[in-house]
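A short worksheet on the structure shown next.
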Amino acid sequence: MKKFLKMAMASTLVLGALAGCSTSSNLENKPAEQSAGNTNAGGGEAGGKVTIGLAVSTLNNPFFVSLKEGAEKAAKDAGAELLVVDAQDDTAKQISGVEDLIQKKVSVIMINPTDSAAIVTAVEAANKANIPVITVDRAAEGGQVVSHIASDNVKGGKMAGDFILEKLGGKGNIVELQGIAGTSAARDRGKGFHDAVDGKEGVKVVASQPADFDRAKGLSVMENILQANKDVQAVFAHNDEMALGALQAVEAAGKDIVVVGFDATDDAVKSVNDGKMGATVAQKPAAIGETAVQTALKVAKGEKVESNIPVDLELVTKK
């Protein structure tokens, strides 16, 4: 009997030691307890390396490449890890990418939506997983978002419209090339543009068609518009890629048309300085990416952040 009791006690001690090892391992992998204003914080509050997810709409656009590079620089400077998933302008792929980031239990997810309405399910999935969400450049139409970092796209659209009115002397026919339907950027830039030009005597928007932020589509859509509308004096494209495509169509048709874009990509700025494009509204994508990461780091530490953080715009014209 005594021998049996000694064996039982020894077994209990071994099991207790094993349980202790298991508990220690779980604590090391478990995210830190959350403070007010932060729903996850990953390793941020535990003093470990913060991991931030960035779900970008497409890296086939120089603007978003610059945004990613700005985010990467800010993350490196802060000693944080940045995981990037590229949706390639595919909404289903972006939702899947966000789900992957959730599975990896990142501290914060930054989303640049391909579609502001469709991304809501992904935002809500992150909410359910207690991972804070920040939207970048384009907003989400639902779900809980702790902060939105972007240029004032309405203001930028109005800047473009005002510039066109000035160049035309307040009279002429204008074409609008829209971005991807459903994105807040396309909606807001269009709103600002129409706020500037609608209702102006002698000014008419003779065509307003989507070209999906794509240069090749900007070219083909503009070619079709010029075939149907011979009398066009200006074009406003919701981004530079479409503007550069439209410019190709304008030059091929031998027309003298003012072309205005949005983003101030390197190609567009060069075109403006070469006297080909009239102007481009300069966002600062690298600054947007950098600000987004800096905001994510604050969120990961449980700090309060502004719900909307604007990044400055400027109109780039020929020097």
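The values are calculated or read from the model by the stated rules, or taken from the named source; none is laboratory data. None of the values given here were measured: they were computed from a predicted structure. Here the Cβ positions follow ideal geometry from the backbone for every residue, glycine too, while neighbour counts run over all protein chains shown. SASA here: full protein model, heavy atoms, side chains in, ligands and nucleic acids out. Shrake-Rupley method; radii C 1.70, N 1.55, O 1.52, S 1.80 Å.
Assorted remarks:
- What the Cα atoms of region 153-282 give is an Rg and a Dmax of 12.7, 35 Å.
- Estimated from helical segments only, the mean residue ellipticity of the chain at 222 nm is -15000 deg cm²/dmol, where each DSSP H run of four or more residues counts as -39500 (n - 2.57).
- Candidate values (i) 23.1; (ii) 21.4; (iii) 20.3, label of the one derived for Kirkwood radius over Cα pairs in Å: (ii)
- The calculated FRET efficiency for Asn130 paired with Glu69, based on their beta-carbon distance and R0 = 41 Å, is about 0.90.
- For Lys298, the lysines whose Cα comes closer than 30 Å to its Cα, not counting residues fewer than 8 places off in the same chain, are Lys30, Lys49, Lys68, Lys73, Lys76, Lys93, Lys104, Lys105, Lys128, Lys155, Lys284.
- Helix 62-78 axis versus longest C-alpha principal axis of the chain: approximately 30°, rounded to the nearest ten.
- Cα-based shape type of region 124-217, given that a ≥ b ≥ c are square roots of the gyration tensor eigenvalues and the cut on a/c is 1.5: prolate
- On region 50-114, 44 percent of the accessible area sits on carbon and sulfur atoms, based on a 1.4 Å probe.
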